[in-house]
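Peer 1: Handing you this structure, nothing more for now.
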Amino acid sequence: MRALNKGWIGITLVILFGASLFFFRGSSRYSNLFNSDNFVANVSGTQISTTQFLRSLELNIGQFAQMIGEELTGDQIRAFQIHQLVLQNLVNNAIFENEFDKLNFIVDDTIIAENTKKRFPNLYLNNKINDDALNSFLRQQRLKIDDLVSIIDYETRADVFDDLFFNQNYPDAISKKIDLFNNQIRDIDLLKISFDTILIPDLNKNKISKDNQELKEFFDNNNLNYMSKENRDISYIVINKNSYLDKFMPSENEMINYFDGNKELYTIPEKRSFKQFNFKSKEEAENFKIKIGGLSKDEIINYASDNNILFNEFENVNKTQVLDELSNVIFNLNKDDVSNVVSTTLADHIIILDAIESKREPNFDDVKEEIKSTLTNVQLDNFFNDLKSQINQQILNGFSINDISRENDLEVISLYSVEKSSEENNDLENNIINYSFTQNKELVSDVVDFDTEKSFILNVNNIYPSKPLSIDEKFEDILIDFIKYKKLNFVKKIYNDNKTKSFDEVKELFDLNSDKISLTFESKNLPDKLINNIFNSELNDVVFSEDESNVYFAKINDIIIPNDIEFSNEINLVGEIKNAFGNEIIKTKNISINDELINGLLSQYK
């Protein structure tokens, strides 16, 4: 199975997180296997294809990987039950899709077309489907046009159905009470203690060796935190559009012929030069117009300068380069005319026209470089897109990266033992390396666009998984973490031993002063974990929490819930109602799961 791109834009929102819980209820009714190797599940005749499952699986794997900050192994995928989550979401949606079909609930093709255009405007050019863009999109996403239509069709029906039957809110009185509670304020005393300032009696960092038994036990319990980085050997090909530039340079005759047939494209429009006087109000502008009546242009400039009246000079400006309100006046003046007051959203203006350069036909030499660029880019863009399409087809046909290199006269570049970078670096090689960590071994990637001029394909030749490092290799890091661990346990013991004592006694133990702070649910000045603990505690409770650098004690002094608020947020019940409805209609469906196929698909993840 080909590995899918984790960066897939997610064109079906229906297969993401947030599905209801009703799927696994009644699981004893599900059969273990049905007669199709092309579908992972069947819901009363509505089938879930292997493609759907794999695409959703890769997207969810990518999201989990982002959350935990590392690529997932096959064991982790199973441990997190990501495949079960994906299957649950897909089956939930298939249940509704089957019900729509059963009820003959359909939408008109024009509605599907309209929604497709709204969802994917980049597939259209001048209000028509752009075949090249569509084919490229389908190829990149491994979709057939029928798949895309089916996705939009289901989403459209689901949106209409949800809006008609499930779009209900909590009663206003309940919503308001929830809003009042959510807008509460908690006044606390906060004691913030840095790990660096915590001293443990009889603990000397310099006397802790690699043989220390407690240190060894700490390392054994946390050795997954001290892993080497995964390394990979990769080969890649860069497809650089500019490498083919010389092949498509037009001859002099080609450029002349094009110029003769398209002179209207290069007509130089009428241009005008003028002075624009700017005023804060129409009254100021009208007073200026009265004062300059009968003066020459030079005298007007002198008067404006003497009276600190601002003006700008513009030279050779065409009609499209000026605001419509101004251009309608400027391009109707004669040379040296003074306009009436012109009002725009920015200011009020008076215009003096200095010069007029009439519309004219260009000489060939004036536009030669522009024509060369146009003709070159049109042919070069077509060639570049065709080349990428050709390479994508070769990939689908099973060509190796070396085969593709020979067929297209492209250089293969190899890198060894590369690591994924977490730094923000947008150079090409760094992008290629990081992208390689989304790919499976020995599978040539699809063509990936780096920018408008460069694309690449790559192959992962070898993977060197991360492995636990020895205590000798990471001793300094382990020692730092061990000391912090000891300090945290020391403070936790103080907290647990002093639960019945006052907050002031805790302050005395650490010889520190506390701060008075007011918090809301939305406060960001303290760690989220501490804020959650505070809002889950009672009045006068003392709570404890920690982050990477500090430990915290907080006493809840007051809980202030407002008597009224100006606005009340409506709370939608669509999720709860839809879930309840789904729990009922699932009883009428026969669901079959192809466990053997799913296990086979999961086996590609090592």
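Peer 1: What tally of residues in region 496-527 results from selecting those that are closer than 22 Å to PHE195 by Cβ and part of a helix (DSSP H, G or I)?
Peer 2: Count: 9.
Peer 1: Only residues that are surrounded by 14 or more Cβ atoms within 10 Å (Cβ to Cβ) and farther than 22 Å from ASN489 by Cα: list them for region 502-519, please.
Peer 2: ILE517, LEU519 - these are the residues of region 502-519 that are surrounded by 14 or more Cβ atoms within 10 Å (Cβ to Cβ) and farther than 22 Å from ASN489 by Cα.
Peer 1: Now for a different question. Among the listed residues GLU473, GLU423, GLU411, identify the single one that is on the phi < 0 side of the Ramachandran plot, part of a loop (DSSP other than H, G, I, E, B) and touching a Ser or Thr at 6+ places or on another chain (Cβ under 8 Å).
Peer 2: Criteria check complete, one pass: GLU411.
Peer 1: Out of curiosity, is LEU530 within 29 Å of the chain's Cα centre (by Cα), among the aliphatic types (A, V, I, L, M) and assigned to a loop (DSSP other than H, G, I, E, B)?
Peer 2: Against the criterion (within 29 Å of the chain's Cα centre (by Cα), among the aliphatic types (A, V, I, L, M) and assigned to a loop (DSSP other than H, G, I, E, B)), LEU530 does not qualify.
Peer 1: Quick check, is ASN328 among the polar types (S, T, N, Q), closer than 21 Å to SER243 by Cα and either more than 32 Å from the chain's Cα centre (by Cα) or open to solvent by less than 40 Å² (accessible area, probe 1.4 Å) (or both)?
Peer 2: In short, no.
Peer 1: Moving to a separate point now. Can you find even one residue in region 131-150 that is over 26 Å from the mean Cα position of the chain (by Cα), within 27 Å of ASP446 (Cα to Cα) and open to solvent by 20 Å² or more (accessible area, probe 1.4 Å)?
Peer 2: Yes, region 131-150 contains at least one residue that is over 26 Å from the mean Cα position of the chain (by Cα), within 27 Å of ASP446 (Cα to Cα) and open to solvent by 20 Å² or more (accessible area, probe 1.4 Å).
Peer 1: Quick one: which of LYS493, LYS555, LYS578, LYS486 is among the basic types (Lys, Arg), modelled with pLDDT of 90 or more and part of a helix (DSSP H, G or I)?
Peer 2: Every option except LYS486 fails the conditions.
Peer 1: Applying the selection to region 72-109, what residues are of a type outside the set (A, V, I, L, M, F, W, C) and buried (at least 18 other Cβ atoms within 10 Å of the Cβ)?
Peer 2: Within region 72-109, HIS83, ASN89, ASN92, ASN93, GLU97, ASN98, GLU99 meet the criteria.
Peer 1: If you go through region 520-547 one residue at a time, how many are aromatic (Phe, Trp, Tyr) and open to solvent by 50 Å² or more (accessible area, probe 1.4 Å)?
Peer 2: 1
Peer 1: Counting only residues that are buried (at least 17 other Cβ atoms within 10 Å of the Cβ) and not in a loop (DSSP other than H, G, I, E, B), how many does region 426-445 have?
Peer 2: The total comes to 5.
Peer 1: Sort out which residues of region 344-368 are open to solvent by 60 Å² or more (accessible area, probe 1.4 Å) and assigned to a strand (DSSP E or B), and write them in order of number.
Peer 2: ILE356, GLU357, ARG360, listed by residue number.
Peer 1: Moving on to the next point. Answer yes or no: is there a residue in region 17-37 that is at pLDDT 85 or above and not hydrophobic (A, V, I, L, M, F, W, C).
Peer 2: no
Peer 1: How do the pairs read when you match residues in region 47-68 that are closer than 21 Å to ASN98 by Cα with residues anywhere that are among the basic types (Lys, Arg), using Cβ under 7 Å and keeping only pairs 6 or more apart or on different chains?
Peer 2: As it stands, the answer is THR51/ARG142, since those pairs meet every condition given.
The values are calculated or read from the model by the stated rules, or taken from the named source; none is laboratory data. Quantities reported herein were computed from a predicted structural model and do not represent experimental measurements. Neighbour counts are summed over all protein chains in view; Cβ atoms, including those assigned to glycine, are modelled from backbone coordinates with ideal geometry. Heads up: the accessible areas ignore ligands, DNA and RNA and are worked out on the full protein's heavy atoms, side chains in. Shrake-Rupley method; radii C 1.70, N 1.55, O 1.52, S 1.80 Å.
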